[in-house]
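The values are calculated or read from the model by the stated rules, or taken from the named source; none is laboratory data. Quantities reported herein were computed from a predicted structural model and do not represent experimental measurements. Note that each Cβ is placed from the backbone with ideal geometry, even for glycine, and that neighbours are counted across all protein chains shown. We work out accessible area using only protein heavy atoms, side chains counted, and drop any ligands, DNA or RNA first. Shrake-Rupley method; radii C 1.70, N 1.55, O 1.52, S 1.80 Å.
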Amino acid sequence: MSGSSHRLVVVGANHRSASLSLRDALFVDDAAAPAFLDGLKRAGLAEGLVLATCDRVEIWAEDVDPDHAARLVGEALAVRAGLEASTLAPHLYTLSGGDAVRHGFTVTASLDSLVIGEPHVTGQVKAAHRLARDAGCCGGELDHFLQAAFAVAKRVRSETSIGEGPVSIAAAAVQTARDLHGEMGGLRALLVGTGEMGELVAESLLAAGLKDISVTAPRTARAEAVAKSLEGHVLAFEDLRESLASFDVVLTCVGARTVSVTSDMVTNALRKRRRKPVFLVDAGIPGDIEPAVNRVDGAFLYDLADLEKVALEGRATREAAARAARNIVEAEAQAFLKGRAARAAVPAIVALRTRFDETREQVLAEAGNDAAEATRLLVNRLLHAPSEAMKNIASEGAEWRAMEKTLRILFRLDE
């Protein structure tokens, strides 16, 4: 029986390895994913899923031959992007075995996201899992890994304060915007409404380096007044839908009991932005942004309750939580790899037991009721083939020391 076992392989591009335009060319949306996965399966890949978000496009695969799997995925992604495989290759990273397991756990636990601790990515991995399973491309080994990854993400959430961050709600908004987009200087922000909390967050963004802010509100005169105090521009309220794509940060504080920003508006805006993410803060009471925006890929929506959670302890605690979370990931990865290695030995163990049982039955039939003869025959039969193999290996020299060490461990010869 073969001792081969599947290994996890990750091939992809993210915000660190590839430009937005290249990630856009590689992007595999939900509608295209089943056909893409089916192509990989027909090409010979054992199992796989597509994780495509605003900051990464990755294929997570299981195969007995990692190099073969990586080559198939690289070629498929090159076709997707309309490039030669050799042209695309420098922009892709390939991880296998333990490195791939650690990466998958890290991504699922939201430790490799633009916003560390943002739970959105865990849902994206779950959605990718469902899609691959429905397409018939996710079987026992990949499913086993994903269940372990979700358990790691849950443990990180429950055992660390990874979601906690800066000291005040306004500072939390600033820190989250910076985590998502980088420095403030080149960003454009929009304040929708003129409520106090929205204005406070806007002032904090400006203090952090933001230079371009616009204000819109149902009452133009109020929007003009706030825009003047913030040294910003006024946007006509009726132009909100068409102009939303122009802004990297959207703050709302209308509180009018009617939704000002819908998921449809945000989806259209992100399409125009070519999936460049947008950070939304809903400071309205009641809320101004449709909750369904949370499900839009590339939209990071926070309300006051979310920001309060982020603001509990401060950045030092958040960094300590990230370190603790990565320690959890490493421990869980080691345990997973050890368990997988142990499971890989099971077929050989079963085959060995079967052979021993078959030999035992043969010996008993030959020896009848003579116990001494039966045990003598059994020992001779069981040791004959291994003894010949050991002599041959020892005569060649190179592998004998490792073999001898293994034998002494297996049969406790030194006890």
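Taking only protein heavy atoms into account and a 1.4 Å probe, give the accessible area per residue of the chain in Å².
On the way: 20970 Å² over 415 residues.
So the chain comes to 51 Å² accessible per residue, rounded to a whole number.
With n ≥ 4 as the cut-off for DSSP H runs, can you work out [θ] at 222 nm for the chain, using -39500 (n - 2.57) per run divided by the number of residues, rounded to the nearest 500? Intermediate results must be reported in sequence, preceding the final value.
Details: 17 runs with 230 residues, N = 415.
Computed mean residue ellipticity for the chain: -17500 deg cm²/dmol.
With a 1.4 Å probe and all protein chains left in place, how much of the accessible area of the chain comes from carbon and sulfur atoms, in whole percent? Spell out each step's value before the answer.
Details: 11030 of 20970 Å².
Result for the chain: 53 percent of the exposed heavy-atom area is carbon or sulfur.
Report the net charge of residues surrounding Ser263, where surrounding means a beta-carbon distance below 12 angstrom and charges are Lys +1, Arg +1, Asp -1, Glu -1.
Values: positive: Arg295; negative: Asp264, Glu290, Asp297.
Within the 12 Å Cβ shell, the charges total -2.
Sort 212-225, 31-44, 59-72 by the packing proxy (mean of other Cβ within 10 Å over each peptide's residues), most packed first.
Working: 212-225: 17.9, 31-44: 15.4, 59-72: 21.3.
Ranking the peptides 212-225, 31-44, 59-72 by packing returns 59-72, 212-225, 31-44.
What full-extension length gain, to one decimal in nm, is calculated for Thr354 and Lys391 as 0.36 nm per residue of separation minus the Cα-Cα distance? Could the numbers behind the result be given before it?
On the way: separation 37, 0.36 × 37 = 13.32 nm, distance 2.45 nm.
Length difference between fully extended and current span is 10.9 nm.
In percent, how large is the relative contact order of the range 192-267, given Cα pairs closer than 8 Å and 6 or more residues apart? Mind showing how you got there, number by number?
Values: 76 pairs, mean separation 29.2, N = 76.
It comes to 38 percent, rounded to a whole number.
Only one of the values (1) 59, 23, 18; (2) 33, 26, 21; (3) 37, 28, 22 was calculated from this structure for semi-axes √(5λ) of the Cα gyration tensor in Å; name its label.
Calculated semi-axes √(5λ) of the Cα gyration tensor in Å: the matching label is (1).
For the chain, give the magnitude of the charge dipole about the Cα centre (Cβ charges: +1 Lys/Arg, -1 Asp/Glu; no others), in debye to the nearest 20. If you can, show how the numbers build up before the last one.
Numbers: 48 positive and 57 negative charges, 43 e Å.
Dipole about the Cα centre, nearest 20: 200 debye.
Restricting the count to DSSP beta bridges whose residues both fall in the chain, what percent are antiparallel, rounded to a multiple of 5? Could the numbers behind the result be given before it?
Values: 18 of 39 bridges.
Of those bridges, close to 45 percent are antiparallel.
Over the chain, what is the mean sequence separation of C-alpha contacts under 8 Å (at least six apart), divided by residue count, expressed as relative contact order in percent? Numbers along the way, then the final one.
On the way: 640 pairs, mean separation 62.2, N = 415.
Across the chain, relative contact order equals 15 percent.
Would you pull out the residues with amide H under 5 Å of Ala217's amide H, same chain only if 5 or more places away, H placed 1.01 Å from N?
Result for Ala217 returns Gly193, Phe237.
Could you give the size of the charge dipole of the range 180-250 about its Cα centre, using +1 on the Cβ of each K and R and -1 on the Cβ of each D and E, expressed in debye and rounded to the nearest 20?
My answer is approximately 100 debye.
Of the listed peptides 144-155, 193-204, what is their order by residue-averaged count of other C-beta atoms within 10 Å, with the highest listed first?
Working: 144-155: 19.2, 193-204: 20.9.
Top to bottom by mean Cβ count within 10 Å: 193-204, 144-155.
If you project the alpha carbons of the range 186-291 onto the principal axes, what extent comes out on each, in Å, largest first?
That gives 33, 32, 20 Å along the principal axes, largest extent first.
Sequence gap of 8 or more, or different chains, plus Cα separation below 18 Å: how many lysine pairs satisfy both in the chain?
Taking the chain as the scope, the lysine pair count is 4.
Lys/Arg Cβ at +1, Asp/Glu Cβ at -1, dipole of the range 324-415 taken about the Cα centre: which of Leu382, Ala324, Gly368 is farthest positive-ward?
Ala324
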